[in-house]
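The values are calculated or read from the model by the stated rules, or taken from the named source; none is laboratory data. Predicted model, so just to flag it, every value in this text is computed and none were measured. With ideal geometry, Cβ positions are generated from the backbone for all residues, glycine too; neighbour counts draw on all protein chains shown. Note: accessible area is taken over every heavy atom of the protein model, side chains too, but ligands, DNA and RNA are not part of it. Shrake-Rupley method; radii C 1.70, N 1.55, O 1.52, S 1.80 Å.
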Amino acid sequence: MRTRNLIVTAASAAVLAVGGVTACGGTPAQDKADLPVTTTADLPVTTTEEPPTRQSPPTLRVGETVTAYYQPAYDEPDQPVKVTLKDLAEVANETPGKTRYAMTFRVENTGTVSFLPSLLDGGTWESEDGRLVDSVSVVGHEYEDFVGEIPPGKYAIGTPVVEVPEGKGTLHFTDTGTSPMFDVPVNG
């Protein structure tokens, strides 16, 4: 009983306080009675949650971790993965004008659907002077765990070996819908 009286008393005090503030304004209270009153129930309900966008992908360097997004299939929402570049090493190459790099990735699937590590098998190459190469040659794999799919909540480690033109540039990794995931700069 006592709690109920407190609630009624508190509500009455709030009504009186609001009424008192209205009555104490610079114009008569009767003039203010004609003004519309907006309550929180009258306000439209909006949500600000929107799926993440990938207008400019994060840059990934050795020892760093980024959250990248991929679209598992057409018309499906973006999914997040945490990608760490554990190592980036130039490896032996016999093709003139080309350089090979082994990149060891640790990929943790923080999304809700399985991740295909084959998305890390290449991408596009952009040289320092702006030359674009549409697809990078994957010349080998030194997979440790990149077998099949990575289920949500799990991680895997793998090393694709790519062949790119000589010189400085950036590898652009994309998803199956060719949307950017992340970039790896390479100093030739």
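State all residues of region 107-135 that are in contact with a His (Cβ under 6 Å, 6 or more places away or on another chain) and of a type in the set (Ser, Thr, Tyr); if no residue qualifies, say none.
The one that is in contact with a His (Cβ under 6 Å, 6 or more places away or on another chain) and of a type in the set (Ser, Thr, Tyr): 124.
Consider residue 161 carefully, then state whether it is open to solvent by 40 Å² or more (accessible area, probe 1.4 Å), part of a strand (DSSP E or B) and β-branched (Val, Ile, Thr). Even if it seems obvious, please write down each step before you answer.
On the way: open to solvent by 40 Å² or more (accessible area, probe 1.4 Å): no; part of a strand (DSSP E or B): yes; β-branched (Val, Ile, Thr): yes.
When the stated conditions are applied, residue 161 does not pass them.
Of the conditions (1) more than 18 Å from residue 173 (Cα to Cα); (2) modelled with pLDDT of 85 or more, residue 38 fails just one. Which one is it?
(2)
Out of the residues in region 97-149 meeting the condition of being open to solvent by less than 70 Å² (accessible area, probe 1.4 Å) and aromatic (Phe, Trp, Tyr), tell me which one is nearest to residue 162 (Cα to Cα).
Out of the qualifying residues, it is 101.
Quick check on region 80-89. Is at least one of its residues more than 17 Å from residue 61 (Cα to Cα) and either in contact (Cβ under 8 Å) with a residue 24 or more places away in the chain or surrounded by 18 or more Cβ atoms within 10 Å (Cβ to Cβ) (or both)?
Yes - at least one qualifying residue is present in region 80-89.
Using the structure shown, decide if residue 153 is assigned to a loop (DSSP other than H, G, I, E, B) and in contact with a strand residue (DSSP E or B) (Cβ under 6 Å, 6 or more places away or on another chain).
So residue 153 does not fit the description; no.
Tally up the residues in region 109-123 that are on the phi < 0 side of the Ramachandran plot and either modelled with pLDDT under 80 or not in a loop (DSSP other than H, G, I, E, B) (or both), please.
Number of matching residues: 7.
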